[in-house]
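Structure first, commentary second.
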Amino acid sequence: MQHSTCLPAPHRAFSIIALFVLVPLLSACGFNTIPTNEEKAKAAWSEVLNQYQRRADLIPNLVETVKGYAAQEKDVLTSVVEARAKATSIQVTPETLTDPNAMKVFQENQAQLTGALSRLMAVVENYPDLKSNQNFLALQSQLEGTENRIAVSRRDYIESVRVYNTSLRTMPTMIWKWIWYTGNEPYQTFTIEDSAKQTPQVKF
């Protein structure tokens, strides 16, 4: 006679009841808080990258338009092209957001591109025909809008990281980090001084 390996009915009922009791308790104690905050921070970082990429995509057309009116400004144009290449060569993925060196290089490269764009826009002041060119005006407007979106996405990311990092070192969620989410580490955030990350002045 074979013995069933299934739990007796009373034991099954107890297990089901325990499950229904345990899951809400885990949620109430913050078991899901760390992964939830982590995913929000990753999503916010993806938006930061989207906006920086949008800016990078605008630059080739911007450089070509300026070149058509101010080809003699070779050094300024070259600096923008080189800064764009450098800024797009380093990407901080969600998987490397805990790496301070990767974030530092990323921020420095983006800040250098911001500076190069600012110098380019200052040069444009010397070319009235360029300033009134419809293609340039459209690119100027797009760049300005993108810089604003970068600022917003960067602010949202900083806040998401603050919430996530706080959940790793405050009660009761820090208990779950000790017990369950042992591999979770704080994410890096933006640390460049305000003077180094001001957006280009594109209004005339």
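The values are calculated or read from the model by the stated rules, or taken from the named source; none is laboratory data. Quick caveat: nothing in here was measured; it's all calculated off a predicted structure. FYI the Cβ positions are ideal-geometry reconstructions off the backbone, even for glycines, and counts take in every protein chain you see. Just the protein is used for accessible areas: all its heavy atoms, side chains included, with ligands, DNA and RNA removed. Shrake-Rupley method; radii C 1.70, N 1.55, O 1.52, S 1.80 Å.
Does R54 meet the test of being open to solvent by 90 Å² or more (accessible area, probe 1.4 Å), modelled with pLDDT of 95 or more and either out of contact with any Asp or Glu (no Cβ under 7 Å at 6 or more places or on another chain) or closer than 25 Å to R169 by Cα (or both)? Even if it seems obvious, please write down each step before you answer.
On the way: open to solvent by 90 Å² or more (accessible area, probe 1.4 Å): yes; modelled with pLDDT of 95 or more: yes; either out of contact with any Asp or Glu (no Cβ under 7 Å at 6 or more places or on another chain) or closer than 25 Å to R169 by Cα (or both): yes.
Taking the combined requirement at face value, the residue satisfies it.
Sort out which residues of region 41-59 are among the basic types (K, R) and either over 9 Å from the mean Cα position of the chain (by Cα) or under 30 Å from N135 (Cβ atoms) (or both), and write them in order of number.
Applying the first criterion (among the basic types (K, R)) to region 41-59 yields 42, 54-55.
Once the filter is applied, which keeps residues that are among the basic types (K, R) and either over 9 Å from the mean Cα position of the chain (by Cα) or under 30 Å from N135 (Cβ atoms) (or both), region 41-59 yields R54, R55.
Among the residues making up region 118-156, those that are open to solvent by less than 40 Å² (accessible area, probe 1.4 Å) and polar (S, T, N, Q) are N133, Q140, T146, S153. Considered as a group, the residues in region 157-195 that are among the aromatic types (F, W, Y) and open to solvent by less than 70 Å² (accessible area, probe 1.4 Å) include one that is nearest to E39 (Cα to Cα), and that residue is Y164.
Residue pairs whose Cβ atoms lie under 7 Å apart, sitting 6 or more positions apart in sequence or on different chains, and linking a residue in region 67-86 that is closer than 22 Å to Q53 by Cβ and among the charged types (D, E, K, R) to a partner that is open to solvent by 80 Å² or more (accessible area, probe 1.4 Å) and assigned to a helix (DSSP H, G or I), are K86/Q112.
Consider S167 carefully, then state whether it is in contact with a Gly (Cβ under 9 Å, 6 or more places away or on another chain) and assigned to a helix (DSSP H, G or I). Judged against the criteria, S167 is a match.
Of all residues in region 61-112, exactly one satisfies the criterion of being buried (at least 16 other Cβ atoms within 10 Å of the Cβ), of a type in the set (D, E) and within 17 Å of the chain's Cα centre (by Cα), namely D99.
If you take the residues of region 171-204 that are of a type in the set (F, W, Y) and assigned to a loop (DSSP other than H, G, I, E, B), which of them is modelled with the lowest pLDDT? Among those residues, the one meeting the criterion is F204.
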